[in-house]
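Below: one structure, written as structure tokens.
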Amino acid sequence: MNHASWVTVTCTINGAPYQFTLSPATPLSDLLRTQGLLSVKQGCCVGECGACTVLIDGTAIDSCLYLAAWIDGKEIRTLEGESVGGELSAVQAAYAKSGAVQCGFCTPGLVMATKALLAKPHVKPFTVQEIRRGLAGNLCRCTGYQLVVDTVLTLEKEQERND
Ligand code: FES
Ligand code: FES
């Protein structure tokens, strides 16, 4: 195999430093899954379902459409980085409690997208339409989305109480 055109990138994933030498055509979702980060689901692999959503420097991105070669110097976060010491993060716990986790396939992507949405500067509280628009890239076949919207509203209220 000719490795002449391979690229080397350094990044952090869930706070730990990594260096990879890879083909420039490797999707980030493939790279993350080969590192054992199996919360990164591959649903459609064409940017339609959001199951592969990760945070790149705090922005929610479909990792199936993002080339691993672009992660040089960036901070990647996946669902695996959410729970610390076995404790669920606030977003994970809210999803689990509200019943917005059914088959669970979409949940890792939705948790990461919700984290990014809540971190965006916005006029509080979110309207239902803003939440639906904010999470429009994440498809869920099970919940009908109302439980997802309720979860985000609950989280925002919790956030306000803690501010
Ligand atoms: S697998 Fe990436 S958007 Fe569907
Ligand atoms: S919980 Fe099944 S796809 Fe969302």
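Read the figures in this text as sums done on the coordinates, not as results from a lab. Fair warning: this is a prediction, and the values are worked out from it, not measured in the lab. Glycine gets a Cβ as well: all are built from the backbone with ideal geometry, and neighbour counts include every protein chain shown.
Data for the structure
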{"quantity": "Number of positions in the range 31-73 that are within 16 Å of ligand 2 (Cβ to nearest atom) and polar (S, T, N, Q)", "calculated": "3"}
{"quantity": "Top-ranked residue of the range 96-122 - restricted to ones that are farther than 15 Å from residue 60 by Cβ and assigned to a helix (DSSP H, G or I), ranked as farthest from ligand 1 (Cβ to nearest atom)", "calculated": "97"}
{"quantity": "Hits in the range 71-95 (condition: outside any strand (DSSP E or B) and either in contact (Cβ under 8 Å) with a residue 60 or more places away in the chain or of a type in the set (Asp, Glu) (or both))", "calculated": "71, 72, 73, 74, 78, 80, 81, 82, 90, 91, 94"}
{"quantity": "Complete set of residues in the range 95-128 that are near ligand 2 (Cβ under 9 Å from one of its atoms) and more than 13 Å from the chain's Cα centre (by Cα)", "calculated": "100, 101, 102, 103, 104"}
{"quantity": "Output for the range 76-112, where each listed residue is in contact with a strand residue (DSSP E or B) (Cβ under 8 Å, 6 or more places away or on another chain) and over 15 Å from residue 147 (Cβ atoms)", "calculated": "76, 77, 78, 81, 108, 109, 112"}
{"quantity": "Pick from the range 76-89, criterion surrounded by 15 or more Cβ atoms within 10 Å (Cβ to Cβ) and over 28 Å from residue 20 (Cα atoms), ranking: nearest to ligand 1 (Cβ to nearest atom)", "calculated": "89"}
{"quantity": "Tally of residues being in a strand (DSSP E or B), touching a strand residue (DSSP E or B) at 6+ places or on another chain (Cβ under 9 Å) and more than 11 Å from ligand 1 (Cβ to nearest atom) across the range 15-59", "calculated": "8"}
{"quantity": "Verdict on residue 26 being loosely packed, with under 15 Cβ neighbours inside 10 Å and of a type outside the set (Lys, Arg)", "calculated": "no"}
{"quantity": "Members of the range 129-163 found to be in a helix (DSSP H, G or I), touching a residue at least 12 places away in the same chain (Cβ under 8 Å) and within 17 Å of the chain's Cα centre (by Cα), listed by number", "calculated": "131, 132, 134, 148, 149, 151, 152, 155"}
